[in-house]
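Take a look at the structure below.
What follows draws every value from the coordinates through simple rules; no lab data is involved. In this text, all values refer to a predicted model and were calculated from it rather than measured experimentally. In this analysis, Cβ positions are derived from the backbone assuming ideal geometry, glycine residues included, and neighbour counts consider all displayed protein chains.
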Amino acid sequence: MDATPPVEEDCACKQGMFPRKSLSRRSLLFAAGSVAAVAAPTRGRAENAAPPGAAHYDVAVDPTRELGRALGVDGGYGTRSQFETAVRLAAANPNAYTTSSLTPLASQIGNLTPSGLHYERHHAGVPTIDPAKHSLVVHGLVATPKRFTIADIQRMPSVTRRHFIECSGNTASEWGGAKAKTVQLTHGLLSTSEWTGVPFSTFARQVGLNPEGAWALAEGSDGAVMTRSIPIEKMLRDGLIAYGQNGEALRPEQGYPLRLVLPGYEGNTHIKWLSSLQISEAPFMSREETSKYTDLAADGRAWQFVFEMDAKSVITFPSGDMKLPGPGYYEIRGLAWSGRGRISRVEVSIDGGKSWTQAELAGPPESICTVRFKLPWLWDGKPAVLLSRCQDETGYIQPTREKLVAERGLNAYYHYNGIQAWGVAPDGSVANVAA
């Protein structure tokens, strides 16, 4: 099913510019975990409810004059501070099993997304899988079909790589013009993690690929039995059978105990709860690559097997639903990424695209990985329209919405990468506007 348009919610990124607001009951209930699961002295007291992933502790008047809490009260697995409130937002979908949640990009510090804030996209809920009973079968056009247990896979030589994953439906709300209020709602189906696992090429050597094998059907163990056909060339080049994320095992909602990671490819091809790779000479034409995850071009023809995510960028500060306290110095910040390699350049405009200034990249860009950019800005209190555009190492430049629509028409839903505009009003309020 297509990624569902998300609900319009208050932006958590306002915090830090204004007094903190109380979290809504819905936000608290939406957590990947719950306060009830955390050992805390005030557990069960509604007035002291902590944000998801945290536990409430009384704040000392002077922490230098009394003992802090004892080691081990967290049960041995650390929690975040009770003053950090960023959470994923659920899509506006009455079905909580076939839906998505969005990463709070404006609250992200650095380049990696915390595992607990990585966006989600599910087609039949999150299965609970015992790794001792799970395995991966590689079969089809191979010399020797084999079944690999999780223990087998974890004994193989592993690699660790940083890559983003972006849902092909990310920013789909903007095809028809400015719509969603915040950067979490417009671009939140994007997250970056450090992935650890075994390259598919290692499995290929063990089973012996048939020369006629040109595609692999990846299959998951969720209730939807999610499947996608993947070109074998991609699988051999950089396909990763991953079991680790950000220094620990995959989270259940990210495919525990095993998922496929295909750097630069649209998110639905990164099959979670991976259990089978069937090699064939042609794509399988499954539901998720025929009736779903395809687009109609302007002339009515189907746009199919378009895997790579084009270069894209977005300003995360200041961004929609924020409010600047007044004229003065600010640092414009954002993220840029490309499914075809490294970002080579990011430019920012403060006048709606009339002029552009090259932004500074925060460190050397990595291949198929987000990179942060920044630009100092002295706001004079007058209306401004902030834009960013990026270029990747292939020379491709992020297009305007108008150019994208001219090329693909308005039948499209997936792979939107148009330039995002944030309008700053004289009172400091920031809104999603048409560039």
Quiz prompt | Those lysines that a straight Cα-Cα span of less than 17 Å connects to Lys146, excepting residues fewer than 8 apart in one chain | solution = Lys133
Quiz item: For region 312-432, what number results from the quotient of the Cα radius of gyration and 2.2 N^0.38 Å?
Solution: 1.07
Exercise. First obtain the Kirkwood hydrodynamic radius of region 91-145 from its Cα pairs, then insert it into the Stokes-Einstein equation at 4 °C and 1.567 mPa s, and state the resulting D in µm² per second as a whole number.
Key: 87
Quiz item: In whole Å, what three semi-axes, largest first, describe the equivalent ellipsoid of region 285-356 built from its Cα gyration tensor (square root of 5 times each eigenvalue)?
Solution: 36, 15, 13
Quiz item: Per the helix-only calculation at 222 nm, which mean residue ellipticity applies to the chain, given -39500 (n - 2.57) for every DSSP H run of n ≥ 4 and division by its residues, nearest 500 deg cm²/dmol?
Solution: -2000 deg cm²/dmol
Quiz prompt | Rg in Å to one decimal, and Dmax rounded to a whole Å, for region 328-369 via C-alpha atoms | solution = 12.0, 38
Self-check item: Fully extended contour minus Cα-Cα distance, from Asp351 to Arg287, at 0.36 nm per residue
Solution: 18.6 nm
Self-check item: Computed P(r) (all Cα pairs; region 131-294; 10 Å bins; percent)
Solution: 10, 39, 34, 13, 4, 0
Quiz item: If you build a Gaussian network model of the chain, linking Cα atoms that sit under 10 Å apart, which residue out of Ala132, Ala242, Ala218 swings the most?
Solution: Ala132
Quiz item: Taking Cα centroids, how far is region 130-171 from region 340-356 in Å?
Solution: 37
Quiz item: Given labels modelled 7 Å from the Cα in the Cβ direction, how far is it in nm from Lys146 to Val61?
Solution: 6.7
Self-check item: Computed Rg/Rh of region 240-314, alpha carbon atoms with Kirkwood Rh
Solution: 1.04
Practice problem: Calculate the tail of P(r) for the chain: the fraction of all Cα-Cα distances greater than 40 Å, expressed in %. | Solution: 21
Practice problem: Using the structure shown, select from Lys292/Lys312; Lys181/Lys374; Lys312/Lys403; Lys181/Lys323; Lys312/Lys374 the pairs with a Cα to Cα distance greater than 18 angstrom. | Solution: Lys292/Lys312; Lys181/Lys374
Quiz prompt | Cβ-based charge dipole, the chain, positive-most Cα from Thr171, Leu136, Trp379 | solution = Leu136
Practice problem: Mind giving me the FRET efficiency for Ala298 and Ile397? R0 is 35 Å, r the Cβ-Cβ distance, nearest 0.05 is fine. | Solution: 0.95
